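Peer 1: Okay, here's the structure, questions in a sec.
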Amino acid sequence: MDNVIRTIETLEAQVGARPDAVDLKVIDHLDVQARRWLAASPLAFAGFSDARRVEVTLAGGTPGFASAPEPGQLRVPRAALDDPQQ
């Protein structure tokens, strides 16, 4: 047994099903409301992953440091990302 969770069903068996509210707003782009949040926000959580691990870090700056020049793009200056290893 390799103790690796490989399916959503196996994950939910361990931690429970995700609440229905998670799916209330699922979109594949940054809409007007999301862009408004970006323009006002001085802080973001950023997640990066590959097949072996997930890293989460903070990003921040003055409000609007992150932008969405197009609905399918999110731009965050590299300098705004905190180093997850520190």
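The values are calculated or read from the model by the stated rules, or taken from the named source; none is laboratory data. Being a predicted model, the structure only gives us computed values, none of them experimental. Because the Cβ atoms are built from the backbone with ideal geometry, glycine has one as well, and the counts that use them run over all protein chains shown. Note: areas computed on protein heavy atoms with side chains; ligands, DNA, RNA excluded. Shrake-Rupley method; radii C 1.70, N 1.55, O 1.52, S 1.80 Å.
Peer 1: Residue under question is ALA39, and the condition is that it be surrounded by 11 or more Cβ atoms within 10 Å (Cβ to Cβ) and part of a helix (DSSP H, G or I); does it hold?
Peer 2: It is true that ALA39 is surrounded by 11 or more Cβ atoms within 10 Å (Cβ to Cβ) and part of a helix (DSSP H, G or I).
Peer 1: Has the range 11-20 got any residue that is open to solvent by 80 Å² or more (accessible area, probe 1.4 Å) and either within 28 Å of ASP83 (Cβ to Cβ) or touching a Lys or Arg at 6+ places or on another chain (Cβ under 6 Å) (or both)?
Peer 2: no
Peer 1: Still on this structure: Taking ALA46 as the residue in question, decide whether it is touching a residue at least 12 places away in the same chain (Cβ under 8 Å), in a helix (DSSP H, G or I), of a type in the set (A, V, I, L, M, F, W, C) and open to solvent by less than 80 Å² (accessible area, probe 1.4 Å).
Peer 2: No, not satisfied.
Residue by residue, here is whether (1) part of a loop (DSSP other than H, G, I, E, B); (2) touching a Phe, Trp or Tyr at 6+ places or on another chain (Cβ under 7 Å); (3) on the phi < 0 side of the Ramachandran plot holds:
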| residue | (1), (2), (3) |
| --- | --- |
| GLN33 | no, no, yes |
| ALA51 | yes, no, yes |
| VAL56 | no, yes, yes |
| GLY72 | yes, no, yes |
